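Have a look at the structure below before the remarks.
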């Protein structure tokens, strides 16, 4: 289904629906069968893609088996994309990988060293690499701590927008802003709006962290994001709640499709 590429699939979904919903599964938290179950529930609720990864622990045999079980559960109907927390977060069984650099990290490792080390591995695995700029927003949570991020203050949408412009001028295809897994609330709509405007038509913009309700999901899309990542909220949610969030994303997205 994705022989023409995951990015092309993304564009087709955005052309049709105006917005996307990503279900993020951390194999270190949702072990094997449980992760596959959440993936299937997410598909049935209306998710457009499954992201697999985590800040720590999502690697090696556990990651490979998780990806394979998730793909079996969803039957290849939507892509499985790696959302790696490190170079160990790669698997040849995925459809694509966000080839990310953490733009506001203080550590050169997350800016270039990890990418240099990972590039030959991605090439050998022959999975689609999606050039992605990753920007941590306060509070950042575990990913901000691990990545030694100079997190963008929530009230400084102008700084987040500057990061997006830097990504745009450097050739990224995707920008992700992330308040961190388990953040008490998502990035404010004002910040999302400024980042979306900076991305223009050149990049896709996805927002992550803190989205727990349909209203929060709708607000993020209304502010201009092309999609949202939902992880923790789906891990403990009923299929009905997952579907409600998906419907909120699509309802808001179709206003601009």
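FYI, it's all coordinate maths here, none of it is from the lab. This is a predicted model, so every value here is computed, not measured. A quick note on method: Cβ atoms are made from the backbone with ideal geometry, for glycine too, and the neighbour counts reach across all protein chains shown.
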query: Once label points are set 7 Å from the Cα along Cα→Cβ at both residue 8 and residue 107, what is their separation, rounded to one decimal in nm?
result: 3.8
message: Given R₀ = 35 Å, what would the calculated FRET efficiency be for residue 15 paired with residue 165, taking r from the Cβ atoms and rounding to 0.05?
response: 0.90
message: If I take all pairs of Cα atoms in the chain, what percentage of them are more than 23 Å from each other?
response: 45
- request: Along Cα→Cβ, 7 Å out, is where each label goes; now give me the distance between the ones at residue 238 and residue 125 in nm to one decimal.
  value: 3.7
Footprinting exposure proxy for 31, 99 (fewest neighbouring C-beta atoms within 10 Å first): 31, 99
Helical contribution to [θ] at 222 nm, DSSP H n ≥ 4, -39,500 (n - 2.57), averaged over the chain, rounded to 500: -13500 deg cm²/dmol
